[in-house]
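Single-structure report; data block below.
The values are calculated or read from the model by the stated rules, or taken from the named source; none is laboratory data. What you see is a predicted model, and the numbers here were worked out from it, not measured in a lab. Neighbour counts are summed over all protein chains in view; Cβ atoms, including those assigned to glycine, are modelled from backbone coordinates with ideal geometry. Keep in mind that these areas ignore ligands, DNA and RNA; they rest on the heavy atoms of the full protein, side chains included. Shrake-Rupley method; radii C 1.70, N 1.55, O 1.52, S 1.80 Å.
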Amino acid sequence: MVQIDMASLGVTQIYKLLIGSIVPRPIALTSTIDSDGITNLAPFSFFSGVSSDPPCVMLAITRKPDGGKKDTLRNIEENREFVVNTVAHWMAGPMNQCSADYPPGESEFEKVGLTPLPSVKVRPPRVKESPIHMECELFKMVEIGDGCVGSSVIVVGRILMMHVHAAAYENGKIKLEAIDPVSRLSGISYGRTSGVYEIPRARTDQGGDFGV
Ligand SMILES: Cc1cc2nc3c(=O)[nH]c(=O)nc-3n(C[C@H](O)[C@H](O)[C@H](O)COP(=O)(O)O)c2cc1C
């Protein structure tokens, strides 16, 4: 093994190691709104589910390269609401375009041609083209680091309402092929999900033949 002492690395080197090692990562295309009612949309792949009771998801929002706060973080701090929209293959291009550094006051919805749909319980709109929308209210923020470049804020949102494209929903379950999820890999690489296989849940009375 190559041994890497994290204390010997700079912020960029550490970031590259993380995004190459933690793969694949799902993408939360996150809509927020500022205090003037201007909408914002940005992708985040430091994203995960957290808990079922309360139903929570999390994003980690890093500082901009110039040390400033991203619009998404500022909007959530001000208005405490956001919508996580999942990303399907058919919308990978517009999703990526949302990550361009548009100034506050310019809505990515208009710039990239995604369609805002009103939410039911929160003010930020949903993304019509996304197969799944999670309307969230801020549950908790955790600052990681001292606010310099490389540090981040973990934003935990409580999901108040979910919307699933009808073709992707059956008996309370999500149909993978109908949501065609895009994942972020390292650098500018992305993946689709293929080669799916099943492993029955492990029991303590088996072992030896793992079936894979
Ligand atoms: C696929 C993808 C995943 C990203 N994941 C993150 C992330 O997890 N955290 C983060 O801070 N920025 C992430 N970014 C960068 C933000 O999307 C980018 O900084 C964006 O301009 C932030 O927009 P805002 O200032 O409107 O909030 C990602 C970009 C892409 C394309």
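In the chain, carbon and sulfur make up what percent of the accessible area (probe 1.4 Å)?
It is 54 percent, rounded to a whole number.
At q = 0.17 Å⁻¹, what base-10 log of I(q)/I(0) does the Debye formula yield for the chain when every alpha carbon is treated as an equal point scatterer in vacuo?
After summing over all Cα pairs, the log10 values are -1.26.
Quick one: which residues, 5+ away or cross-chain, put their amide H under 5 Å from the amide H of Lys128? H built at 1.01 Å from N.
Under 5 Å from the amide H of Lys128: Thr115, Leu117.
Quick one: putting +1 on the C-beta of Lys and Arg, -1 on the C-beta of Asp and Glu, what dipole do you get for the chain around its Cα centre, in Debye to the nearest 20?
180
How do Phe139, Phe82 stack up against each other in accessible area, from largest to smallest, with a 1.4 angstrom probe?
Final ranking, largest accessible area leading: Phe139, Phe82.
For a quick check: with amide H placed at 1.01 Å from N, whose amide H comes under 5 Å from Cys56's, ignoring anything fewer than 5 positions away on the same chain?
Under 5 Å from the amide H of Cys56 lie the amide H atoms of Val50, Ser51, Ile159, each far enough along the sequence or on another chain.
For a protection proxy built on the mean count of beta-carbon atoms within 10 angstrom, sort 45-57, 191-203, 4-16 highest first, please.
Answer by packing, highest mean first, reads 45-57, 4-16, 191-203.
Calculate one ³J(HN,Hα) per residue across segment 53-64 by plugging θ = phi - 60° into the Karplus curve 6.51 cos²θ - 1.76 cosθ + 1.60, and present them in order as whole Hz with x for glycine and proline.
After applying 6.51 cos²θ - 1.76 cosθ + 1.60, I find 9, x, x, 10, 10, 9, 10, 10, 9, 8, 6, 5 Hz.
Given a cut-off of 20 Å, name the pairs among Lys70/Lys111; Lys69/Lys140; Lys64/Lys128 whose C-alpha atoms lie farther apart than that in the structure shown.
Too far apart for the 20 Å limit: Lys64/Lys128.
Accessible area of Thr30, 1.4 Å probe, to the nearest 10 Å²?
Here the accessible area works out near 0 Å².
For segment 27-47 and segment 111-159, what is the centre-to-centre distance using only Cα atoms, to the nearest Å?
Each part's Cα centre sits 5 Å from the other's.
Between Ala178 and Asp66, what is 0.36 nm times their sequence separation minus the Cα-Cα distance? Round to one decimal in nm.
So the chain would gain 36.4 nm between Ala178 and Asp66.
Between His89 and Ser186, take the C-beta separation as r, use R0 = 25 Å, and let me know the FRET efficiency to the nearest 0.05.
Efficiency for this residue pair is about 0.85.
Pairs of Cα atoms under 8 Å, at least six residues apart: use those to get the relative contact order of the chain, whole percent.
Once divided by the residue count of the chain, the mean separation gives 23 percent.
How high is the FRET efficiency between Arg201 and Thr12 when r is their beta carbon distance and R₀ equals 35 Å, given to the nearest 0.05?
0.30
Per the helix-only calculation at 222 nm, which mean residue ellipticity applies to the chain, given -39500 (n - 2.57) for every DSSP H run of n ≥ 4 and division by its residues, nearest 500 deg cm²/dmol?
The helix-only estimate for the chain comes to -4000 deg cm²/dmol at 222 nm.
In square angstrom, rounded to the nearest 10, how much accessible surface does Leu17 have for a 1.4 Å probe?
Its accessible surface works out to 60 Å², give or take rounding.
Find the accessible area per residue for the chain; the probe is 1.4 Å, ligands and nucleic acids are left out, and the unit is Å².
Ligands and nucleic acids excluded, the figure is 59 Å² per residue.
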